[in-house]
Amino acid sequence: MSTHSIDGLIYRSNNGTVTVPSSSAAVPADGTPLGQIWESVLDPIRLIVKSGVPDYSSIGAGRLYTHGPDGLAPNPDGQTDGGSLSPGAVLVTVPPGSTDADTAREVSEEIFALLDQHGVDDAMVEWSEAVVTML
């Protein structure tokens with residue numbers, strides 16, 4: 001199974017603060033508070049998302065790397081290209097047209113409440129539209 005984004009960012013929030021959409025790439029959430037508890041919160045997050053959007057496509061954890069002014073550039077020397085790396089993020093993809101920003105915000109608040117119960121207060125939630133295809 002493969003998920004293909006269709007440039008459909010619906011909603012992105014950092015525990016109540018909606019962030020401006022920008023070009024980003026996802027990298028693993030390893031080493032973040034979210035990454036440390038991911039296995040224990042994945043199933044409850046699935047239930048929360050399914051209650052608001054029964055036909056979601058996928059749920060994952062990652063960090064968002066926001067591109068700098070020169071775009072995504074390799075950084076073998078550890079220097080940045082002017083971009084930034086987010087805290088851990090719950091990445092939710094849904095079929096095109098299946099939800100809106102208001103629903104995503106409401107469901108995200110429930111996700112943040114769960115994460116707060118597990119001591120994670122710096123996570124993000126990002127919702128985007130994507131098409132899932134079988135390979």
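A short reminder: the numbers here are calculations on the coordinates, not readings from a lab. Please read all numbers here as calculations on a predicted model, not as lab measurements.
Quick notes on this structure:
- 5 angstrom amide H check on Leu9, placed H, neighbours 5+ away: Glu129
- Karplus-derived HN-Hα couplings along the range 46-61 (A = 6.51, B = -1.76, C = 1.60, θ = phi - 60°), whole Hz, x at Gly and Pro: 4, 5, 4, 5, 4, 5, x, 9, x, 9, 4, 8, 7, 9, x, 10
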